[in-house]
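Presented below is the structure to which this report refers.
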4 protein chains.
Amino acid sequence: MNAALVGVSGYGGMVLFQLLNNHPGVDQVNLYGHAQTENQNLGDVVSLFELGHFNQQQIFPYNEIQIMQDNDVVFFATSAGVTAQLAQPFIDADFPVIDLSGDYRLNTQALYEQWYHKQPAQQSALDTAHYGLVEFESAHNAKYVANPGCYATATLLALAPLVKNDLIDVDSIIVDAKSGTSGAGKKPSELLHFSQTNENLQVYKVNQHQHIPEVVQELQTWNPAVKAIQFNTTLLPITRGLMSTVYAKVKAGVTQAEVSEAFEQAYQDQTFVNWTDRRFPTIKEVVGTNDCKIGAIYNPDTHTVMVVSVIDNLIKGAGGQAIQNFNQMFNFDEAAGLPVNVWVP
Amino acid sequence: MNAALVGVSGYGGMVLFQLLNNHPGVDQVNLYGHAQTENQNLGDVVSLFELGHFNQQQIFPYNEIQIMQDNDVVFFATSAGVTAQLAQPFIDADFPVIDLSGDYRLNTQALYEQWYHKQPAQQSALDTAHYGLVEFESAHNAKYVANPGCYATATLLALAPLVKNDLIDVDSIIVDAKSGTSGAGKKPSELLHFSQTNENLQVYKVNQHQHIPEVVQELQTWNPAVKAIQFNTTLLPITRGLMSTVYAKVKAGVTQAEVSEAFEQAYQDQTFVNWTDRRFPTIKEVVGTNDCKIGAIYNPDTHTVMVVSVIDNLIKGAGGQAIQNFNQMFNFDEAAGLPVNVWVP
Amino acid sequence: MNAALVGVSGYGGMVLFQLLNNHPGVDQVNLYGHAQTENQNLGDVVSLFELGHFNQQQIFPYNEIQIMQDNDVVFFATSAGVTAQLAQPFIDADFPVIDLSGDYRLNTQALYEQWYHKQPAQQSALDTAHYGLVEFESAHNAKYVANPGCYATATLLALAPLVKNDLIDVDSIIVDAKSGTSGAGKKPSELLHFSQTNENLQVYKVNQHQHIPEVVQELQTWNPAVKAIQFNTTLLPITRGLMSTVYAKVKAGVTQAEVSEAFEQAYQDQTFVNWTDRRFPTIKEVVGTNDCKIGAIYNPDTHTVMVVSVIDNLIKGAGGQAIQNFNQMFNFDEAAGLPVNVWVP
Amino acid sequence: MNAALVGVSGYGGMVLFQLLNNHPGVDQVNLYGHAQTENQNLGDVVSLFELGHFNQQQIFPYNEIQIMQDNDVVFFATSAGVTAQLAQPFIDADFPVIDLSGDYRLNTQALYEQWYHKQPAQQSALDTAHYGLVEFESAHNAKYVANPGCYATATLLALAPLVKNDLIDVDSIIVDAKSGTSGAGKKPSELLHFSQTNENLQVYKVNQHQHIPEVVQELQTWNPAVKAIQFNTTLLPITRGLMSTVYAKVKAGVTQAEVSEAFEQAYQDQTFVNWTDRRFPTIKEVVGTNDCKIGAIYNPDTHTVMVVSVIDNLIKGAGGQAIQNFNQMFNFDEAAGLPVNVWVP
């Protein structure tokens, strides 16, 4: 089958392009640029691809008719606000869509406008979009998938066993999440200037990160008692990788054994989530892979469970999970096309 | 006056040496090495000083009689466990001591043994040592000062206005603290290998960091209801600087205005603590200085106040605060010898 | 076919293990540890593999008979000095060997002892080992291959078109090479301590790097007039990647066009070497791939050609080139098992 | 005396402001912004100064009459092209000027236009400006000083003993210089984006860096035989610090002893230049100080001397050398106001 990718020039698109190229079930990856009117060489658009293997790969002008004719699925790696303007015809035509932007993750237009400050997609599309947190929500019967955000993925995988098993006080959830700069995109800015980011730690989007409502909304499907979470995002002086450090008070009498059992049950059969109750994983253990690694340790002195969840923000937190959704939609093997080799060292 | 410094080869000692050299009230800084039997050149011991201005500075063999004869104060920048073995004669002689190790910070031998796993100092010395958190505990009448730890300093300054004014539920305190590698010392290890630390984030000493009891003990002097805190330490891929991110539930009805007022009152007259309720400071804003910068923002959705406190771990978190204690003990101007110029950029 | 890998615990071995696992012609990768007496789990030996996909992979005790019985080729990713002690029985048995250490690269025992300060391999083995710089020396008929060093690979690929076409004064060659820390191994040391390496640049092994004689020896096969090269190695504050910056005076009358023509001829048919005369490549353009990217620009003001050659030191500079040699030896497709996806960003 | 500083918002200006504040001979530092019409707070213009000691410091609108009335000297830390438009009235009035931009370094308007692509200063001003390489050209009688560039400073100090003593073939000079990002300014760009700079090495301004003619011009004053140099600039993934690695063929018969003697003679009486023939200094040994540290090692195999010269690009390479020129002009102690404490670690 053939796969269309709209938006290859961002980091998420570039990684997804690489993953699709390696997928055994994809014969051809066709690239489309929504802001161009003529064919372009990939090597002329993306400087990392200027020399070498993919520089001659064509990027075609965006044309929804052509995309549907020549492909069996379309991935959008466009910015938030852009997919919402492009995807409706595919949805109307029942053509498979996997969207990596946040445009179809929130349930209501009002919520989207509040957190994204952009024009939302149609409410009907929001109503029926599938939120593709693959370990908990299979995309098997989905037609258009909202691929989860990077922070949301790491955080939800850390919280799921605790919330689903009712082990914690849901009013006590604190998330101290940290991400490398690749999550913040290619556009130069003062925040991302090397002289500013290097040897520094910068808290940003205080209580305003757009992944907050996404996490809350999904937690509420597991436990309607969830009202809000304290969620902090800090920019790390690294390029790839994300750590979500989660704290919550356990309910009275909960033990480490029960915490461990909940994680064991949740993830023992999952290929891409590993957990341990002996230590906390480091970011370096997952970068380059589709893995989420989780440590969960209960502190009896404070009745608090601390969970550390690490992912590669551009793979498990973006393109890799998109491939997982693709595999679920089209009945490929769950590991098809997904990288398992961590960057060494 | 003359100042003795024992232990110049570690990062803390090196920085303290530089600060003492610049202090207008110090005529002479005399260096002593407790593990050497002959004079050595500083440039032969510390490779950063091998060429240049200080390479010929002498390090004398450790001799307590000589130290007391030739100096008016002694600073210990020795490792935990070492000061406890050296300082007693000075204490017995009522000779002024400022200790940068943790050996005199905890109140009881039992607590020290539990967290440091080393031979404690004498209980009588622990009983009378002054805990030198300068903004709250003046060393004016102290004879020997336990200089606070780096994590403890940033965390206590973040919590003091909230705990002292009874604004938070003290059972809900969560500290997610992060430090650069200079806090972990010069000794090579797997944890600190560049290939391991770089592009990584590593949680370490889970629920076992020796600054935990130090923070709890001091909080208890402010509010005896404090029992324990959830305290996490994460190693950053940077060299200098420390951020302590603190979360706590506010008591019912507490507002941002009350939070701001508490910080304003606490720090408006302090030269080296700045705070704001408009944003969170970055590590880069304090590195190179003796400053602590603090942001405190209340989130009405979660009834949680989030405080970000940043310091230079080797200055405000070690040598700089030691100089502040020294200034209090000897009635120097509070800013004497303390750096105010941030590293640019 | 089955491949044996001796020495998986170093960075080179870990990457080679990943590459062999992905090779379409390798059915099974068998790991052997020359310093162990019982089976071990890979996850217990290599912390990066502790959780996840490969933690249960067995490492067998080293046994040359067993290795030959169960495999069709053996790769040594052992340290210099170790392979020389292990490989002779395989050579005697005409069993295919690919060695990533430097033990079989130099032609004489005397030269090896001078630069490596270790016990050399047998002279007879040095006489017949194949130096596997794949673009210029095919391993098609080789039985045991000395895989080139990382610095040597980048430097020789930069110099080959110039030396082979007699375009430069061979007495004027200056190589200013820079490498990330992964080339210096896992063992903690003062040089590699994060606090020392980070925000720093350190020249090391001045005029004594063991890749110097390797480069000179190979250059001499192309032009016997080569006597010595000025070769400098500098440690970069990055983990992966290597840049070799080469300068040489061109012979009288040589133009940019002739320089370009030489590179064009040398590399136009090479899958894994790209060059350009318009700009210089950055390290980031090759990390994660088996590519060598080269820029060559002539400066008429100084009659000097400057060549910048970048590789991933652990792939093209180690395991990737080993796979290329393997492909040549066993007639696999030249690109089989070799990564083409650059790390983004 | 009072000092005026025009242009405090760039990194160079910020550091110079800090140095002037610490200078024992400066009573008052007055700041002026050439692009503003009303007083501004420093804390509102420079985010690093937003909280703390200097946030209330005033920046006055630029007014040359006022500057001359209220000050005894003016420093320009403005961009190249800007000083040329501002400084002429001061020069005409014989008012002391120290310029940190490149506008008065080159001798002719034509040369300036060729390398800077901007409008040059008046030729008469270029004719009489003093090039302030302090170790070799005293500013004692100068009225307006062109403060040398960072690359030029490190490179000239590395070459001076060799060129002045006629020890090298001046046609063979190769300079492989590397700098941290603070030398490239505050303005965000693709080159300086953290995701691009981090874990990378980028050659830039190939054969076009504006410090090239500055170095050549000064070398020619020492030896008119100098015609051109091969000079390469590479951007390091660090913030502060610069290393200039210089190679040259020695003249027939020159020995290490003669090389060492030349450096010894040149720098034995210099406070801020240290050299050694035993090893090469690292960048970390000078950052935070006004020092230049130099290693010079002769390689008899290649008849090449290799010199490594390291400086802090914003101190010795900018503001620190400006203070040295200031000290020479006004007969202050040569070390007045200059930092000697290296950043630890």
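The values are calculated or read from the model by the stated rules, or taken from the named source; none is laboratory data. All figures in this text were calculated on a predicted structure; none of them were measured in a lab. Neighbour counts are summed over all protein chains in view; Cβ atoms, including those assigned to glycine, are modelled from backbone coordinates with ideal geometry. When the accessible area is computed, the model is the full protein with side chains, heavy atoms only, and any ligands, DNA or RNA have been set aside. Shrake-Rupley method; radii C 1.70, N 1.55, O 1.52, S 1.80 Å.
A few comments on the model shown:
- Whole-number Å³ per residue for the convex hull built on Cα positions in the stretch D:151-313: 114
- Using a cutoff of 8 angstrom between alpha carbon atoms and counting only pairs six or more residues apart, the relative contact order for chain C works out to 18 percent.
- Neighbours of A:T128, meaning other residues whose beta-carbon lies under 14 angstrom from its beta-carbon, give a summed charge of -4 when Lys and Arg score +1 and Asp and Glu score -1.
- Computed from Cα atoms alone, the Kirkwood hydrodynamic radius reported for chain B is 20.5 Å.
- If you model the protein assembly as shown as an ellipsoid using its alpha carbon gyration tensor, with each semi-axis the square root of five times an eigenvalue, the axes come out at 45, 44, 33 Å, biggest first.
- Accessible area buried by the pairing of A and B, both sides summed with a 1.4 Å probe, works out to roughly 3500 Å².
- FRET efficiency, 1/(1 + (r/R0)^6) with R0 56 Å, evaluated for A:D127 and C:D269 via beta carbons: 0.50
- Set of lysines near A:K251 by C-alpha distance (under 29 Å), chain-local residues within fewer than 8 positions excluded: A:K164, A:K178, A:K227, A:K293, B:K164, B:K178, B:K205, B:K227, B:K249, B:K251
- Within the protein assembly as shown, antiparallel bridges make up roughly 50 percent of the DSSP beta bridges whose residues both belong there.
- Taking B:G33, B:G12, B:G185 in turn, the Gaussian network model of chain B (Cα-Cα springs below 10 Å) assigns the largest fluctuation to B:G185.
- Two-site FRET efficiency, C:A110 against C:K227, from Cβ-Cβ distance with R₀ of 25 Å, rounded to 0.05: 0.90
- Across identical copies of the chain, B:Y204 has label-point separations of 2.0, 2.7, 3.3 nm, listed in ascending order, with the point defined 7 angstrom from Cα along Cα→Cβ.
- Surface analysis of the stretch A:145-301 yields an accessible area of 28 Å² per residue, using protein heavy atoms and a 1.4 Å probe.
- Computed log10 I(q)/I(0) for the stretch A:152-225 at 0.22, 0.23 Å⁻¹: -1.01, -1.07, from the Debye equation with unit scatterers placed on every C-alpha and solvent omitted.
- Structural descriptor for the stretch C:33-86: relative contact order 32 percent, calculated from alpha carbon pairs under 8 angstrom and at least 6 residues apart.
- Within the shell of other residues whose beta carbon sits under 11 angstrom from the beta carbon of B:A257, the net charge comes to -4, with Lys and Arg scored +1 and Asp and Glu -1.
- Neighbours of A:N327, meaning other residues whose beta-carbon lies under 11 angstrom from its beta-carbon, give a summed charge of -2 when Lys and Arg score +1 and Asp and Glu score -1.
- Mean-square fluctuations from a GNM of chain A, with a 10 angstrom spring cutoff on Cα atoms, peak among A:Q217, A:Q119, A:Q196 at A:Q196.
- In the stretch A:129-232, Cα pairs under 8 Å separated by at least six residues give a relative contact order of 32 percent.
- B:M1 exposes around 50 Å² of accessible area when a 1.4 Å probe is run over every protein chain in place.
- Within the stretch D:151-313, percent of DSSP bridges classed antiparallel, to nearest 5: 70
- Beta bridges assigned by DSSP with both partners in chain D are antiparallel in approximately 50 percent of cases.
- In sequence order, the stretch D:277-286 has phi-based couplings of 10, 9, 6, 10, x, 9, 4, 4, 6, 10 Hz under the Karplus curve 6.51 cos²θ - 1.76 cosθ + 1.60, θ = phi - 60°, and Gly or Pro positions carry x.
- Placing a label point 7 Å from the Cα of B:Q85 along the Cα-to-Cβ direction, the distances to the matching points in the other copies come to 3.6, 6.8, 7.1 nm, shortest first.
- When chain B is turned onto chain A, its residue with the beta carbon nearest the axis, and that distance in whole angstrom, is B:D176, 2.
- Relative to the other identical copies, D:N63 shows label-point distances of 6.5, 6.5, 9.2 nm, where the label point lies 7 Å from Cα along the Cβ direction and values run shortest first.
- Hits among aspartates and glutamates - C-alpha to C-alpha of A:K143 under 12 Å, sequence gap 8 or more where chains match: A:D72, A:D92, A:D94, A:D99
- Cα centroid separation, the stretch A:44-74 to the stretch B:6-75 (Å): 65
- When the charge dipole of chain C is built from unit charges on Cβ atoms (+1 for Lys and Arg, -1 for Asp and Glu) and taken about the Cα centre, the candidate among C:Y112, C:T271, C:A142 whose Cα reaches farthest toward its positive end is C:Y112.
- Volume of the Cα convex hull of the stretch C:79-123, divided per residue and given in Å³: 65
- If only the Cβ of Lys and Arg carry +1 and only the Cβ of Asp and Glu carry -1, the dipole of the stretch D:151-313 around its Cα centre is close to 440 debye.
- Per-residue SASA entry for B:T108, accessible area with 1.4 Å probe, Å² rounded to 10: 60
- Measuring only protein heavy atoms, the 1.4 Å probe finds C:C150 accessible over about 20 Å².
- When B:D166, A:D92 are compared by accessible area at a 1.4 angstrom probe, the order from most to least is A:D92, B:D166.
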